[in-house]
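Some notes on the structure that comes next.
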Amino acid sequence: MGETFKERLGNSLSGFNRFGIQISHGTIIAVAALVLILFIAVTIRLLPLRWENLTAGTSYLNEFDPYYQFSATKHMVDNGLLSPYYPTPWINAMKWYPVGLDMSSLLPALPMTATILYGVVSLFGNIDLMTFCAILPAFMAALSCLILYFIGKDMGGKAVGLSAALFLAIAPSFLQRSSLGFFDTEVPGVLGMVLFIFLFMRSMDSKRSLKASLIYSLGAGLSLAYFISGWGAAYYIIGLASLFVFVLVLLKRYSQRLLITYSITFGLALMIGTKVPYIGLNYLVSGAILPVAAVFLVLILAELMRNNITIKSKLTLVSASMVAVIGGFIGLWLTGSLSSLAGKFITVLNPFIRASSPLVDSVAEQRLSGWGNIYIELGIGILFFLVGLYFTLRNPTNRNIFLLLFATTSLYFATSMVRLLVIFAPAYAIIAAIGIFGTITPFVALLKGTSKNLVKAKRKMLRVSREYSGLAIIIIFVLIVSNLAFSPQSGGMPRAVSQAYTPTAISGGSLPVGGANLNANIPVWLDAVNWLQTNVESTDVVVMWWDYGNWLSDLGNVTSMADNTTVNGTQIANIGFIYMGNENQSLAMLSSYGQKNVKYIAVFTVLVVQQQSETVYNVYPAGYGDEGKWVWMARISGQDKQRFIDQGFISAADAWTNETAFGEQVSGGWQWNDRGLSSVVELLLNDAEVTYCYNLMANFEDVTFAPDLELEPSQYFKGIYYAGLYTSPFQYGGLVPLVAIYEIQWDLYNAAH
């Protein structure tokens, strides 16, 4: 008879005993499961490689913001880690023409990390920098999952740690922001956050030696400094940690170790963080950081209160402290030092503020999270999350108190802004894991025969048969599998796959497509930026809506008037005016930037083409391009209505406030009025649509379009390149993306004026 697998495994491991190493079967299984989870975390994030041009050794970044981070990384690789800051700030002249973009305002964690790791990897062979930056987030995400395993293990054992790591690895929000090409601030942010939580919790563990506590405190301070220098959301974790320590004091759980740990962690983190030029010393007096000082004062008071001092002395100390805190706050408020609390952070605390700012509200990732977003994120796992909250609340250890605060506050932030669902993902992963194993443990114990009673009534014990326990375990297993593997909310495809299995935005033509049905990338944008690289000088300015500025400058090698940041709201409003005004108003605004360099203007539009009959096609705008974004052009420029009037670009009678000045919404869609039909954005969109349809009719006999096509001729814009012009209407399920580039006819405009 041959040996069983268990015996063979035991014999193979017996060799370790010679070196005094004892490895249990449980440890082997846990390590194997963890390795498998990390493998899943990496590979599922690399699924979009299917649509990249690997034969050319190139993979593109995803969305728009990562190209901002990439430009800084490339500059560091070429000129040194500190080159954006010292000896002089680097002004990127190819963005935000004519002023340029001050890159010394960059948070350095991600580009510096990528630069250092790229230097290490380059020792083993050549690799394209953009490709390296594209795949780096997948490995940093796997590292975050590994750290979360140790956090979960500390809070509930290996099983909880493994489940938490798995849940984070396939969390939709985290997948979206760490998959191939998402080279952005959330990647170092989540890594720094979970590393800080892991080290900070261990530093306060009273079971560890003081030396170990000091080491963990130093590590927590360094990880928090990394978070601060990598993502603006560091405000959140700083506030959360301060709140947690304050709650411990209120619950009479103060200890000297708490004071030491808190002082070292935040002292080191803020000392390093304020050395970042963009952050600076003003960070210390911002409204979001002041609670750190207030809690430190509370800890000092708690330490003094431990000594045998009189009641009068205690009252004096408390009163003096309150006066100092309130007086300091009022002083900083009156001097304007608390102004840095404004911006995105305050709009998260009060999301209704965003409604008054079209510029902020126009960004999809900064809108309120709808129920659909929450359901896609949690699915049926919400049941285990609620159960986990119960088990956590029932056992209020220091770790569990932190976990409860982490879950409730991150859930609020996540519902306030879609983007911040990624902060909630680690908390959800741990608590859902606790809920699952808190529910399943009694049933497992009963099956093993180690527990005779499942429920204890007041007067008697209620017994549950093993069959019912087995059924309960099967039900829980089915719920978990259905949530992770089948996901009815995503049409049957596993939600992790549905979130990750899409091409990068530029390889997908900036269309919401993906999955097994897309057999190749959609090259419309790649064709457009390649044409710009070949035919346009790098100093020539190409005007386009601010979303696409990074693609123009970093891939097209031309100068743009904006990128995907909001550093200059005035210029974004000007671009909105350029598109929403008529040709004369638009070119008057463009003339203020100088006619020598501003030579081109472009639009991106997506058409829906459907076959009505054998020879008749319906064509209408899909809403994924500028045909949907023009509304924000109208609203954002409408906010600066009075400025445009004062500067003489438009009369008070012609000025607008929002999109209602250009038409109205009717049952068949948007109906332009005369002003709307004469706006530059509609002229260019119409030209792109009609040009495509005419080209299609020229290549297919007896093909007509409904409704009838009417070209609205432009006086000063000449179409010179149409990317996607030869796209078949059936190639991408009826969607036809077009990037239309126009040359500005300054000679005709000047002759007319």
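Sticking with the crude label model, points 7 Å out along Cα→Cβ, report the distance from residue 43 to residue 127 in nm, one decimal please.
That separation, rounded to one decimal, is 1.9 nm.
Distance cut-off 24 Å, Cα to Cα: go down the list 252/275; 95/599; 596/718 and report the pairs above it.
252/275
Just subtract the alpha-carbon distance of residue 731 and residue 386 from 0.36 nm times their residue separation and send over the number in nm, one decimal.
Values: separation 345, 0.36 × 345 = 124.20 nm, distance 4.54 nm.
Value of the extension gain: 119.7 nm.
Take the Cβ-Cβ distance between residue 117 and residue 58 as r, set R0 to 25 Å, and report the resulting FRET efficiency rounded to the nearest 0.05.
Approximately 0.85, to the nearest 0.05.
Once you place label points 7 Å from the Cα toward the Cβ at residue 672 and residue 81, how far apart are they in nm?
5.4 nm
Go through region 570-669 and name the trypsin sites (Lys or Arg not before Pro) that are in a DSSP coil and have 13 or fewer other Cβ atoms within 10 Å of their Cβ. Mind dumping the intermediate values first?
On the way: sites: 596, 599, 629, 635, 641, 643; in loops: 596.
Taking region 570-669 and a limit of 13 other Cβ atoms within 10 Å, the loop trypsin sites (Lys or Arg not before Pro) found are 596.
Between residue 247 and residue 711, 0.36 nm times their residue separation minus their Cα-Cα distance comes to what?
Going from the current span to full extension adds 160.3 nm.
Mind giving me the FRET efficiency for residue 210 and residue 294? R0 is 41 Å, r the Cβ-Cβ distance, nearest 0.05 is fine.
0.95
If every alpha-carbon in region 240-288 counts as one equal scatterer, what log10 I(q)/I(0) does Debye give at q = 0.18, 0.22, 0.28 1/Å?
-0.66, -0.84, -1.04
Between residue 570 and residue 613, what is the FRET efficiency for a Förster distance of 41 Å, r being their Cβ-Cβ separation, to the nearest 0.05?
Computed FRET efficiency for residue 570 and residue 613 comes out at 0.25.
Can you tell me what the convex hull of the Cα atoms of region 568-752 projects to on average, as an area in nm²? It would help to have the intermediate numbers written out before the result.
Working: hull surface 45.6 nm².
Averaging across all directions leaves 11.4 nm² for the Cα convex hull.
At residue 657 and residue 395, where each label point lies 7 Å from the Cα along Cα→Cβ, what is the point-to-point distance in nanometres?
For the pair residue 657/residue 395, the computed spacing is 5.8 nm.
Taking +1 at the Cβ of each Lys and Arg and -1 at the Cβ of each Asp and Glu, which of 745, 649, 593 sits farthest along the dipole of region 568-752 towards its positive end, judged by Cα position relative to the Cα centre?
Among 745, 649, 593, the one farthest towards the positive end of the dipole of region 568-752 is 593.
With both bridge residues required to lie in region 568-752, what share of the DSSP beta bridges run antiparallel, to the nearest 5%?
90 percent
Along the Cα-to-C-beta direction of residue 746, a point sits 7 Å from the Cα; which residues of region 561-591 have their amide N less than 16 Å from that point?
Flagged as within label range: 561, 586-591.
Since every read-out is calculated from the coordinates, none of them should be taken as a lab result. Note that this is a predicted model, so its numbers are computed, not measured. Please note: Cβ atoms are built from the backbone with ideal geometry, for glycine as well, and neighbour counts cover all protein chains shown.
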